[in-house]
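I have placed the structure first, in the form of structure tokens, so that the comments after it can refer back to it.
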Amino acid sequence: MSPENVSTLLTVLTVFTGIVALVLLLQGIALLALYRRVRDLSTRLETLSSTLTKHVEALAVKADSFLAVLKSMAEKVQVVQESVSAITAVVHHRILEVDAFLTEATDTARLQIAKFEGVIETTSRKIDETIEILQGTILTPIGEIQALIRGVRTGIEVLFGRRRLPANRSHQDEEMFI
């Protein structure tokens with residue numbers, strides 16, 4: 001293999017390694033940005049959940065006070081009491097549904113964040129493994145080949161003496177031809 005081929009091969013391998021490193025870096029940045037977005041969404045969801053729970057609790061307190069007023073009036077009017085009981089049952093049912101929904105949404109968000117963290121850990125581990133493989137299978141053999149070529153050159157130079165000037169070499173070639 002000629003030195004030009006080796007040089008071209010080294011250049012191609014260096015460019016390929018650079019492209020792989022750039023792609024891995026961009027992937028890591030994208031995953032980090034996605035992680036931050038999901039974390040921000042989770043924070044906003046928890047804030048919204050707590051705010052909504054407070055409003056629902058305030059609404060429940062107001063509904064209870066309204067119910068107390070209606071009960072005092074309901075002693076006089078039976079029809080109004082039946083209507084208020086139905087409204088209270090619906091409100092209670094809705095509050096339970098909202099609470100169940102918020103609990104499920106929060107649990108789902110936490111599960112997704114946990115999955116995302118797992119993906120980030122897996123990706124990070126695979127990047128580390130890829131870098132180790134690249135170093136072990138490409139860079140180390142290239143260094144060994146270069147050292148071997150230098151050793152062979154040095155051995156040839158020692159065996160045949162110092163390098164001769166190109167002009168002397170052509171002159172000797174002509175003498176040998178004649």
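Computed from the coordinates by the stated procedures, all read-outs in this text should not be read as laboratory data. The structure presented is a predicted model; accordingly, all values stated were derived computationally and were not measured. In this analysis, Cβ positions are derived from the backbone assuming ideal geometry, glycine residues included, and neighbour counts consider all displayed protein chains.
Express the Stokes-Einstein translational diffusion coefficient of the chain in µm² s⁻¹, to the nearest whole number, given a Kirkwood radius over alpha-carbon pairs, 37 °C and a viscosity of 0.692 mPa s. Could you put the intermediate results ahead of the total?
Working: Rh = 24.8 Å.
So the translational diffusion coefficient is about 133 µm²/s.
Does the range 1-82 classify as rounded, prolate or oblate by the C-alpha gyration tensor (a ≥ b ≥ c root eigenvalues; a/c under 1.5 gives rounded; else a/b over b/c gives prolate, otherwise oblate)? Display every interim value, and only then the final one.
Values: a/c = 19.18, a/b = 8.04, b/c = 2.39.
Cα axes put the range 1-82 in the prolate bin.
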With the crude spin-label approximation of a point 7 Å out along Cα→Cβ, what separation in nm comes out for Thr51 versus Gln27? 3.8
Cut-off 10 angstrom, C-alpha nodes, Gaussian network model of the chain. Which of Glu75, Glu97, Glu129 fluctuates the most? Glu75
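Given the Cα-Cα distance of Met73 and Arg37 and 0.36 nm per residue of separation, how much length would full extension add, in nm? Can you show the working numbers first?
Details: separation 36, 0.36 × 36 = 12.96 nm, distance 5.26 nm.
7.7 nm is the gain from fully extending Met73 to Arg37.
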Under a point spin-label approximation (7 Å from Cα along Cα-to-Cβ), what is the Ser124-Thr88 distance to one decimal in nm? 5.4
Helix by helix, which DSSP H runs in the chain go 15 Å or more along their axis at the Cα atoms and have an average Kyte-Doolittle hydropathy of 0.0 or more? 3-74, 78-134, 140-160
State to the nearest 20 debye the size of the charge dipole of the chain about its Cα centre, where the only charges are +1 on K and R beta carbons and -1 on D and E beta carbons. 380
Along the charge dipole of the chain, Cβ charges K/R +1 and D/E -1, which of Thr8, Ala100, Thr130 sits furthest on the positive end? Thr8
Can you work out the PRE-style zone for Ile131? Point 7 Å along Cα to Cβ, and I want the residues of the range 19-48 with backbone N under 14 Å. 20-29
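Which whole-number percent gives the relative contact order of the range 3-136, counting Cα pairs below 8 Å spaced six or more residues apart? Write out the running numbers ahead of the final one.
On the way: 28 pairs, mean separation 52.7, N = 134.
It rounds to 39 percent for the range 3-136.
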